[in-house]
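The numbers here are math on the coordinates, done by the rules we state, and not lab data. None of these values were measured; they are calculated from a predicted model. Note: ideal-geometry Cβ built from the backbone for every residue, glycine included; neighbour counts use all protein chains shown.
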Amino acid sequence: MIGSVIAFLVVEGIVAWQAFRRPDDAPGPLKGFSRRRLEAAWMLTPAVILVSLLLWTGSVLGRDAHNVPSHPDLVVHVTGHQFYWQLQYEVPGKDGAVRTVEVAPNQLHLPQGKVARLDIASADVVHGFWVPQFQVKTSVAPNAPDSLWIKPEDKGEFNIVCAELCGNSHFAMRGFVHVESDEEFAKWLASAEVAK
């Protein structure tokens, strides 16, 4: 993005220099119009449009997935391995202590309408955790973890894709996000704890 801003400024600078270095009475493309005014209009119109698009894009992207809320409803530790996602949920106990529950790989369960923080790491190579339907993606490497947050609004099953070429069986590194009601999620988590 910085490169495109620099290119834009260079081109606009050249156009402005060309427009204002010649005298106003130099022959222009249209009789009766000041060349300087016409070239200024041709320069300012795209500049205003591009700046407007830049501001709009910045406001849309302002809800950056990396701005993790400080008090999420759920914390899940996701670790990429060749070629699966290991999932561990932080579960508060009755005594207030937090314990970690490991569940079946590649099956991320989330409660609908709740904020979930995903602490993502890699155990071996570069992995890209991507849920296209939620528009969240991050890449992690060994010793370079990342976090994102998800607040799924719609129930259903969604794909988890590894977006980095992580080895020979990269194509098989797929998982699913299951978005469920609070009751369904609590029932699933209780059964997952018993299974381990």
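May I ask you to evaluate 6.51 cos²θ - 1.76 cosθ + 1.60, the Karplus curve with θ = phi - 60°, for each residue of the stretch 76-88 and list the ³J(HN,Hα) values in order in whole Hz, giving x for glycine and proline? Karplus values, whole Hz, x for Gly and Pro: 10, 8, 10, 10, x, 10, 7, 9, 7, 9, 8, 10, 10.
Summing charges over all other residues whose Cβ lies under 14 Å from the Cβ of Phe158, with Lys and Arg as +1 and Asp and Glu as -1, gives 0. In this structure, the amide hydrogen of Ile120, modeled 1.01 Å from its nitrogen in the peptide plane, lies closer than 5 angstrom to those of Val78, Asp146, Ser147, Leu148, counting only residues at least 5 positions away or on a different chain. Taken along the Cα-to-beta-carbon direction at a fixed 7 Å, the label points for Val5 and Asp124 span 4.0 nm.
Can you tell me which of 127-135, 176-184 comes out highest on packing, and rank the rest after it, using the mean Cβ neighbours within 10 Å?
Working: 127-135: 18.3, 176-184: 15.7.
Top to bottom by mean Cβ count within 10 Å: 127-135, 176-184.
Among residues other than Gly113 with Cβ under 13 Å from its Cβ, the summed charge is -4 (Lys and Arg +1, Asp and Glu -1). A simple rule links phi to the HN-Hα coupling: the Karplus curve 6.51 cos²θ - 1.76 cosθ + 1.60 with θ = phi - 60°, which for the stretch 163-176 gives 9, 10, 6, 10, x, 4, 9, 3, 4, 8, 7, 10, x, 9 Hz, with x for Gly and Pro.
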